[in-house]
Amino acid sequence: MKAFGLTPDGRETHLFSLRRDGGFGADISDFGGTLVRLFAPDRHGELADVVLGFDSVRGYTQPTCPYFGSTVGRCGNRIAHGRFTLDGKTYTLATNNAPAGIPCHLHGGPGGFDKVLWQAEQTTVGGDPVLRLRYQSREGEEGYPGNLDVTVEFTVTADQALRIDYSATTDKATPVNLTNHAYFNLAGEGSRSVLGHVLTLNATRYTPVNAGLIPLGELAPVADTPFDFRAPHTVGERIDRPNEQLRFGAGYDHNFVLDGSGSLALAATVLEPLSGRELEVLTTEPGVQFYSGNFLDGTLPGKNGHTYPRRSGLCLETQHFPDSPNQPGFPSVILRPGRSYRSTTVFRFKAR
Ligand code: GLA
């Protein structure tokens, strides 16, 4: 464990290293449950840090931090107009995002789980390095109902994977949708573009959006659209096609409906052909937001003196669908007292 700097209100933050022999592993902070570094080998065994981020906590505390490696919650992705009704009561949340000038609540709000200090415990389980993070989110925090107890457990496994297990309980019904917002660049953070990364998504349908990036409610087929990644395509191949959905997202910024459901299943594969690094994403979640880093603009001073231009990182945010609290046709994100929220995502690395 190392010091990672002070929060704006003067609290100490830390960085925890979880490593295997050979160097595969992750550095994770108790501030925001942030995945700060993730080292994976290329086809020659050469390690690179494959996630975008900052060298110290200061970068992550800025309101302009685009959720680099963040643990996202209480309810990840967008909620239209920052409003939802649950059991007859309407809740109003902060609107901290406004695509096309249409306000919404994004990623748990301005004081979301990415901006809080988690209680950390570093340990090993069955020989695997583990970081267990806990957070108690108070009733009314960011406008949400109920006290929520959350645990996020990061495990670095022998098969070169980072597994993230989320669990939560509540004392009042509340929406819960937890994810990690890592931006991957498998050529190494600081490489200019992810447009040459080859992506496969195990999704026959996706959730098209309006100009405010709120789903229309339908599960539309990806067939015959630039959203069909059932066979591998580079990210860049169709990203600039004239297509209303791509125009709304300024590229890919859409939720895909995963074909595997319920149990831990392969959601996505990403190959970076020059290094041979390949990432497999497995999840128990029904969806994944594929975001091609369209809003990155090269202005933030990132790790190792790097800056991150547009589309220099991509996110695969495993999740329930956006705006679920307002979409009766989507799988429910409502957690009730006496029930447990559970979700698992695995980021597994290979080299080709
Ligand atoms: C999410 C959203 C994007 C963007 C990023 C953060 O992935 O879907 O539109 O807001 O977060 O910059």
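The values are calculated or read from the model by the stated rules, or taken from the named source; none is laboratory data. Predicted model only: the values in this text are computed from it and were never measured. Backbone-built Cβ (ideal geometry, glycine too); neighbour counts: all protein chains shown.
Within the stretch 263-289, if we keep just the residues that are part of a loop (DSSP other than H, G, I, E, B) and among the charged types (D, E, K, R), the residue that is nearest to the ligand (Cβ to nearest atom) turns out to be GLU285.
Residue-level check: of (1) crowded, with 19+ Cβ neighbours inside 10 Å; (2) more than 30 Å from GLN245 (Cα to Cα); (3) of a type in the set (S, T, N, Q), GLN136 misses just (1).
Condition check: within 20 Å of the chain's Cα centre (by Cα), under 19 Å from ALA182 (Cβ atoms), in a strand (DSSP E or B) and not hydrophobic (A, V, I, L, M, F, W, C). Does ASP27 satisfy that? Against the criterion (within 20 Å of the chain's Cα centre (by Cα), under 19 Å from ALA182 (Cβ atoms), in a strand (DSSP E or B) and not hydrophobic (A, V, I, L, M, F, W, C)), ASP27 qualifies. Quick check, is ALA48 of a type in the set (Gly, Ala, Ser), within 24 Å of ARG310 (Cα to Cα) and under 22 Å from the mean Cα position of the chain (by Cα)? Criteria met by ALA48.
Go through the stretch 63-90 and report how many residues are surrounded by fewer than 19 Cβ atoms within 10 Å (Cβ to Cβ) and either modelled with pLDDT of 95 or more or away from the ligand (no atom under 16 Å from the Cβ) (or both).
Of all residues in the stretch 63-90, those surrounded by fewer than 19 Cβ atoms within 10 Å (Cβ to Cβ) come to 63-64, 81, 83, 85-90.
The next check asks that each one be either modelled with pLDDT of 95 or more or away from the ligand (no atom under 16 Å from the Cβ) (or both); those that pass are 81, 83, 85-90.
Matching residues across the stretch 63-90 total 8.
Within the stretch 94-123, the residues that satisfy the criterion of being surrounded by fewer than 22 Cβ atoms within 10 Å (Cβ to Cβ), within 13 Å of the ligand (Cβ to nearest atom) and of a type in the set (A, V, I, L, M) are ALA98, ALA100, ILE102. Filtered by the rule that a residue be surrounded by 18 or more Cβ atoms within 10 Å (Cβ to Cβ), near the ligand (Cβ under 10 Å from one of its atoms) and assigned to a loop (DSSP other than H, G, I, E, B), the stretch 290-311 gives SER292, GLY293, LEU296. THR151 fulfils the conditions (1) among the β-branched types (Val, Ile, Thr); (2) more than 16 Å from the ligand (Cβ to nearest atom); (3) closer than 25 Å to ASN210 by Cβ except for a single criterion, (3). Close contacts from the stretch 280-294, counting a first residue that is free of Cβ contacts under 8 Å to residues at least 24 places away in the same chain and a second that is among the basic types (Lys, Arg) and more than 16 Å from the ligand (Cβ to nearest atom), with Cβ to Cβ under 8 Å and a gap of 6+ residues or different chains, come to none at all. Scanning the stretch 313-352 for residues that are within 13 Å of the ligand (Cβ to nearest atom) and in a loop (DSSP other than H, G, I, E, B) returns GLY313, PHE321, PRO322, ASP323.
When GLU317, GLU280 are checked against the criterion of being within 14 Å of the chain's Cα centre (by Cα), modelled with pLDDT of 95 or more and under 22 Å from THR157 (Cα atoms), a single residue qualifies: GLU317. Candidates in the stretch 239-262 are the residues that are more than 14 Å from the ligand (Cβ to nearest atom) and among the acidic types (Asp, Glu); of these, the one that is farthest from ALA187 (Cα to Cα) is GLU244. Per the listing LEU279, LEU266, the residue uniquely surrounded by fewer than 20 Cβ atoms within 10 Å (Cβ to Cβ), among the hydrophobic types (A, V, I, L, M, F, W, C) and closer than 16 Å to THR345 by Cα is LEU266.
The condition of being without any contact (Cβ under 8 Å) to a residue 24 or more places away in the chain, over 19 Å from the mean Cα position of the chain (by Cα) and within 30 Å of ARG83 (Cβ to Cβ) holds for only one of LEU148, LEU216, that being LEU216. May I ask you to verify whether TYR60 is crowded, with 24+ Cβ neighbours inside 10 Å and part of a helix (DSSP H, G or I)? Judged against the criteria, TYR60 is a match.
State whether one or more residues within the stretch 254-276 are among the charged types (D, E, K, R), free of Cβ contacts under 8 Å to residues at least 12 places away in the same chain and out of contact with any Cys (no Cβ under 8 Å at 6 or more places or on another chain). Please lay out each step first, then the result.
Within the stretch 254-276, the first condition is being among the charged types (D, E, K, R), and the residues that meet it are 259, 272.
Restricting the remaining residues to those that are free of Cβ contacts under 8 Å to residues at least 12 places away in the same chain gives none.
Checked the stretch 254-276: no residue is among the charged types (D, E, K, R), free of Cβ contacts under 8 Å to residues at least 12 places away in the same chain and out of contact with any Cys (no Cβ under 8 Å at 6 or more places or on another chain).
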